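Below is one structure, written out as structure tokens, with a few remarks after it.
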Amino acid sequence: MRRREFLAALAALPARALADSILVHEHVLVDFIGADKITTGRYDAGEVFRAAKPKLEEVAALGCRRLQECTPNFLGRDPALLKRLSEAVGIDIWTNTGLYGARNHVFLPEYAKRETADQLARRWIEEWRKGVDGVKPRFIKIGVNRAPLHELDRKLIRAAALCSRETGLTIASHTGDGGAALEQVEVVVEAKVAASRFVWVHAQSEKDHAIHEKVARLGTWVEFDGISPRSKEWHVECVRFMAGKGLLSRTLISQDAGWYHVGEPGGGNYRGYGYVYTDFLPALEENWRGQLMRENPAQAFGKG
Ligand SMILES: [Zn+2]
């Protein structure tokens, strides 16, 4: 694109847009039925497509170029659906590999209990190599419960570290609390993976800023997601705290918004992805916005 065209395209964006931005943690579809009952037959992909498309178009118009879909396998991950949406809307939608142990392991398939960390890592590396429904997972998403880490959760983070070591993919881990974050970083580093390949998902649930600082200083990413009108004040405080400590360069933000709720009439309440642009970023210093929505996500997960 020539510079003049580029500037015209920029000018055409609505107020509050942030061109070229990345949402690191959102959802298009989630099914909380449990690993023993889940099937793609539980929803109509056409209906989900129709529900999700306008929400994605809204955020594309706000300058989003990539949305990372964080629904793990056995919780409704559907790469074929994401691919269709991506093509229809014109933004990258990334899917993931990994398994989710949070909520006391009800979303883990039986094999995850039997197999070793190494065997689980092999499965995820295979998904990365061959793709899932023709789509290559671009990050690892796992979930663990609170500290002290259950043996199954330790296995998941260990498998994620082994997978990351081989593929270079970044690990985003739904984490129960700050203690669980610290334990996971230990496992990651022990496996000779850089701490910067680890993202502490849901760091906003930890109320002790000293732990945010401690984990960030280990070189990881601290992700304050779940941004919504209800949580705005706390999220602003978290980001300001990190900036005050010189740790904005280790901070990620996102909304954990969406999604089509399988099993609810019409997919239930589908929260859009625009709030971070229209309301949250304007509450922060202007020169932080690009770092939070462009530089940091690209550094944490890759440029794509
Ligand atoms: Zn999520």
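Computed from the coordinates by the stated procedures, all read-outs in this text should not be read as laboratory data. From a predicted model like this one, the values you see are computed outputs, not experimental measurements. Every residue, glycine as well, gets a Cβ built from its backbone with ideal geometry; the counts of neighbours run over all protein chains shown.
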Exercise. Which values of log₁₀ I(q)/I(0), to two decimal places, follow from the Debye formula for the range 43-128 at q = 0.14, 0.15, 0.22, 0.24 Å⁻¹ with a uniform point scatterer at every Cα?
Worked result: -0.60, -0.66, -1.04, -1.14
Exercise. Check Asp225: other-chain or 5+ apart residues with amide H under 5 Å from its amide H, H built from backbone geometry?
Worked result: His202, Ala203, Gln204, Ser254
Problem set entry | Estimated FRET transfer efficiency (Asp279, Asp208; beta-carbon r; R0 30 Å; 0.05) | 0.70
Problem set entry | Point-to-point label distance, Phe32-Ala80, nm (Cα→Cβ direction, 7 Å offset) | 2.7
Seminar exercise, completed: For Asn96, the residues 5 or more places away or on another chain with a placed amide H closer than 5 Å to its own amide H are Arg138
Problem set entry | the range 159-217: trypsin sites (Lys or Arg not before Pro) in DSSP coil with no more than 16 other Cβ atoms inside 10 Å | Lys192, Lys207
For this session: Taking the Cβ of Val89 as the centre, find all other residues whose Cβ is under 9 Å away and add up their charges (Lys, Arg: +1; Asp, Glu: -1).
Result: -1
Exercise. Between Arg4 and Asn269, 0.36 nm times their residue separation minus their Cα-Cα distance comes to what?
Worked result: 91.3 nm
Seminar exercise, completed: One finds, for Lys245 and Thr40 with R0 = 35 angstrom and r their Cβ-Cβ distance, a FRET efficiency to the nearest 0.05 of 0.20
Exercise. By how many nm would the segment from Glu110 to Ala298 grow when fully extended, if each residue of separation counts as 0.36 nm and the alpha-carbon distance is taken off?
Worked result: 64.2 nm
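At 37 °C and 0.692 mPa s, grab the translational diffusion coefficient of the range 19-301 from Stokes-Einstein with a Kirkwood Rh over Cα pairs, rounded to a whole number in µm² per second.
Answer, rounded: 175 µm²/s.
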Problem set entry | Reachable aspartates and glutamates from Lys207, criterion Cα separation under 16 angstrom, eight or more residues apart if same chain | Asp177, Glu223, Asp225, Glu233, Glu237
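What is the gain in length, in nm to one decimal, between Gln291 and Asp118 on full extension, counting 0.36 nm per residue of separation less the C-alpha to C-alpha distance?
Working: separation 173, 0.36 × 173 = 62.28 nm, distance 3.56 nm.
Between Gln291 and Asp118, full extension yields 58.7 nm more.
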Seminar exercise, completed: Here, Lys136 and Glu186, labelled 7 Å along Cα→Cβ, have an inter-label distance in nm of 3.5
For this session: Before rounding to the nearest 500, sum -39500 (n - 2.57) across all DSSP H runs of length at least 4 in the chain and divide by the residue total; then give [θ] at 222 nm in deg cm²/dmol.
Result: -12000 deg cm²/dmol
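Just check the range 133-267 against the gyration tensor rule for me: Cα atoms, a ≥ b ≥ c as the square roots of the eigenvalues, rounded for a/c under 1.5, and otherwise prolate or oblate depending on whether a/b exceeds b/c.
Numbers: a/c = 1.58, a/b = 1.04, b/c = 1.52.
Oblate shape, in that a/c is at least 1.5 and b/c is the bigger or equal ratio.
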Seminar exercise, completed: Among the range 245-285, those whose backbone N falls under 20 Å of a label point 7 Å along Cα→Cβ from Glu233 are 276, 279-285
